[in-house]
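**Student:** One structure, pasted below without further comment.
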Amino acid sequence: MLENSVKEAIDLRQSYTQVVKKLAYEQRFKNSKKGAKIARKAAKKIKIIAGRLVRDIARKLPLERLGVYLPTLKLYQRVLSQKRGDTDKIYSLHEPDVKCYAKGKEHKKLV
């Protein structure tokens, strides 16, 4: 996302590079009780920042270049809006057609 904005010379409101670096570090310690709480908050903040970046890039992208990046922006938006119980989730940004075939118990619903 950020590479595309640099390539297209889009002046972002904020790049969030240092913030995301710190939040990624906070997600490392999710196995302890206190760390799990911090990691959950960090994951939520990263998702919020990603949404801000997608909206900012979509808003500032020139109309003649919007057609090139529209499928990518729609993919990012779909990833950001998916919930835990949704079907047809996107598991990978670089290979969005990957499906999850999970084995489970017959009487339990897979999420």
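**Student:** Measuring from label point to label point, each 7 Å out along Cα→Cβ, what is the residue 95 to residue 52 span in nm?
**Tutor:** The two pseudo-label positions are separated by 3.3 nm.
**Student:** Explain nothing, just the number: relative contact order of the range 21-61, from Cα pairs under 8 Å at least 6 residues apart, as a whole percent.
**Tutor:** 31 percent
**Student:** Where does each of 86, 56 land when they are ranked from fewest to most other beta-carbon atoms within 10 angstrom?
**Tutor:** 86, 56
**Student:** Put +1 on the Cβ of every Lys and Arg and -1 on every Asp and Glu Cβ in the range 2-81; which of 20, 43, 73 then has its Cα farthest towards the positive end of the dipole?
**Tutor:** The residue sitting farthest along the positive end of the dipole is 43.
**Student:** Could you tell me the distance between the Cα centroids of the range 71-95 and the range 1-44, to the nearest Å?
**Tutor:** 18 Å
**Student:** Could you pull out the pairs from 47/103; 83/109; 47/83; 47/89; 21/47; 47/74 whose alpha carbons sit more than 18 Å apart here?
**Tutor:** 47/103
**Student:** Would you work out the Kirkwood radius for the chain? I mean one over the mean of 1/r across all pairs of different Cα atoms, in Å.
**Tutor:** Every distinct Cα pair counted, the radius reaches 16.3 Å.
**Student:** While we're looking at this one, here's another question. Evaluate E = 1/(1 + (r/R0)^6) for residue 34 and residue 84, where r is the Cβ-Cβ distance and R0 equals 30 Å; express this FRET efficiency to the nearest 0.05. List each step's numbers first, then the result.
**Tutor:** Values: r = 23 Å, r/R0 = 0.78.
The computed FRET efficiency comes out at 0.80.
**Student:** Taking the Cα centre as origin and putting +1 on Lys and Arg beta-carbons and -1 on Asp and Glu beta-carbons, what dipole magnitude results for the chain, to the nearest 20 debye?
**Tutor:** 1000 debye
**Student:** Going through the range 43-111, which trypsin sites (Lys or Arg not before Pro) have at most 13 other Cβ atoms within 10 Å and a DSSP loop state?
**Tutor:** Those that pass, being in a loop and sparsely packed, are 83, 84, 99, 103, 105, 108, 109.
**Student:** Then there is this: Can you give me the relative contact order of the chain as a percent, contacts being Cα pairs under 8 Å and 6 or more apart?
**Tutor:** 18 percent
Every number here is computed from the coordinates shown, using simple stated rules; none is lab data. This is a predicted model, so every value here is computed, not measured. Glycine also receives a Cβ, built like all others from the backbone with ideal geometry; neighbour counts cover every protein chain displayed.
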